[in-house]
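One structure below.
The values are calculated or read from the model by the stated rules, or taken from the named source; none is laboratory data. In this text the structure is predicted, and so the values were computed from the model without any measurement. Note: ideal-geometry Cβ built from the backbone for every residue, glycine included; neighbour counts use all protein chains shown. SASA here: full protein model, heavy atoms, side chains in, ligands and nucleic acids out. Shrake-Rupley method; radii C 1.70, N 1.55, O 1.52, S 1.80 Å.
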Amino acid sequence: MQTSVIIPTFNEAGNIHELIARVNDALKGRDAEIIFVDDSADDTPEVIENTPSVLPVRVLHRNVATGGLSGAVVAGLAASNSEWAVVMDGDLQHPPEMIPVLLASVMAQSADVAIASRHIRGGSSAGLDGWTRTLASSGAKMLTRAMFPRKLQHCTDPMTGFFAVRRSAVNLSALRPQGFKILLEILGRSSALKVIEEPFVFGERTAGASKANMNQGMQFILQLAGLRFGRLSGFALIGALGAVANLLIMAGLQALGVWYLTSAIVAAVVTMIGNFLLQERFIFHDLRNEGYNLWQRFLLSFGFNSVEAVLRTAALYLIVETTPLHSLVTQAMLIAVGFLIRFVYHARVVYKPLPRVGRVLEPIQDYLPAKFEARDVTN
């Protein structure tokens, strides 16, 4: 097989018939297949399987959407044996007619990645839903290119999800997919990729609903920070949010007349639980299945943080009672001092992978469906 078209789907049943028909027309006479990686809760897999197609079609349904859309793309790349892969959305905002353009361009120029860009001459973002999404997309593009000036010097649209890639150029085991910006993940964790671009017009959605939300925005920020600075940056961001929350809770309780030490204890308990949940979701999500179970991780984290909080509160008392420093200023300094210790403890103890007899772990296994059905569909 020369080409695999990888399409992650989430509740896109209303677009499937037209999508498969247009991909078939675009790749008529080519040695190609379509791989749907489906995380849907509706009847999208059944619609795919019941839609006629000249090209072979495979459906990989994941009951757990590990890594989100990016994880689905990694699962599709892992399931493909083709020389080339084309990644596109299933909502028809990426026109299938662009597929042969991307393939012809990437092959003719001996490149590794051909990107369908909205931001070069001939391209357009007209199909984005409203000015807020347009503004958010433009801001994310500028921020991303500013943080990766060298790796993205030939990429005007790192936010796009429409591109062709030489499969052998991507080291799947190096990827840490999270959220929906898989191209950024590939370019950010790869080196010496030759990148070219072709203009395309981002289409309007005809069925289904946009999946963009605040959660994806948070995942994007953490992904960007993780690519630029590693896991520590995401931990720092959550720690900073926790520190702000800690100080706000403490200040609020003191404003209500609660003693500063009692306020500090309440604030510590609330933020320890909140930080743990955010770390589970965004920072150490790829290590959760490698060691202790959820309750063990919580107890290890909460226990350590409780001891740290007791020591911090004791230090707070001593400093406030013996120096002119304000309690909130002192608390902020103590939180900052404990940050690196907390990170090292969580990375090396709470989320430390544990050996399992007879297990050979591949980093991409978490993103693959535990069980999937592969089916060829022909007229």
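Would you please name the residue that is nearest to the chain's Cα centre (by Cα), looking only at residues in the stretch 22-51 that are more than 16 Å from Pro96 (Cα to Cα) and small (Gly, Ala, Ser)?
Here the answer is Ser40.
Looking at the stretch 101-127, which of its residues are of a type outside the set (Gly, Ala, Ser) and crowded, with 17+ Cβ neighbours inside 10 Å? It would help to see each step written out before you state the result.
Of the residues in the stretch 101-127, the ones of a type outside the set (Gly, Ala, Ser) are 101-103, 106-107, 109, 112-113, 115, 118-121.
Within the stretch 101-127, Val101, Leu102, Leu103, Val106, Asp112, Val113, Ile115, Arg118, His119 meet the criteria.
Pull up the stretch 287-302, narrow it to residues that are open to solvent by 30 Å² or more (accessible area, probe 1.4 Å) and in a helix (DSSP H, G or I), then point me to the one that is nearest to Asn246 (Cα to Cα).
Pass one, the stretch 287-302, residues open to solvent by 30 Å² or more (accessible area, probe 1.4 Å): 287-289, 292-296, 298-300, 302.
After this cut, where a residue has to be in a helix (DSSP H, G or I) as well, the list is 287, 294-296, 298-300, 302.
Working: Leu287: 27, Leu294: 24, Trp295: 23, Gln296: 24, Phe298: 19, Leu299: 20, Leu300: 21, Phe302: 15 Å.
It comes out as Phe302.
Filter the stretch 316-326 down to the residues that are in a helix (DSSP H, G or I) and open to solvent by 80 Å² or more (accessible area, probe 1.4 Å), then identify the one that is farthest from Ala264 (Cα to Cα). Break it down stepwise before answering.
As a first pass, look at the stretch 316-326 and keep what is in a helix (DSSP H, G or I): 316-322.
Checking which are open to solvent by 80 Å² or more (accessible area, probe 1.4 Å) leaves us with 317-318, 321-322.
Values: Tyr317: 10, Leu318: 14, Glu321: 15, Thr322: 18 Å.
Out of the qualifying residues, it is Thr322.
With the condition kept exactly as written, say whether any residue in the stretch 167-176 is modelled with pLDDT under 80 and under 24 Å from the mean Cα position of the chain (by Cα). Lay out the reasoning, then the answer.
Quick first cut of the stretch 167-176, residues modelled with pLDDT under 80 only: 176.
Among the residues that remain, those that are also under 24 Å from the mean Cα position of the chain (by Cα) are: 176.
Yes, the stretch 167-176 has at least one match.
Hey, among Val329, Val360, Val344, which residue is at pLDDT below 75, within 21 Å of Gly242 (Cβ to Cβ) and exposed (fewer than 14 other Cβ atoms within 10 Å of the Cβ)? First the steps, then the outcome.
Working: Val329 fails: at pLDDT below 75; Val360 fails: within 21 Å of Gly242 (Cβ to Cβ).
That would be Val344, the only listed residue that is at pLDDT below 75, within 21 Å of Gly242 (Cβ to Cβ) and exposed (fewer than 14 other Cβ atoms within 10 Å of the Cβ).
Of the residues that make up the stretch 239-254, is at least one more than 21 Å from Arg176 (Cβ to Cβ), open to solvent by less than 50 Å² (accessible area, probe 1.4 Å) and either in contact with a Cys (Cβ under 6 Å, 6 or more places away or on another chain) or polar (S, T, N, Q) (or both)?
yes
Thr313 - would you say it is open to solvent by less than 50 Å² (accessible area, probe 1.4 Å), over 18 Å from Phe235 (Cβ atoms) and at pLDDT 80 or above?
Details: open to solvent by less than 50 Å² (accessible area, probe 1.4 Å): yes; over 18 Å from Phe235 (Cβ atoms): yes; at pLDDT 80 or above: yes.
So Thr313 fits the description; yes.
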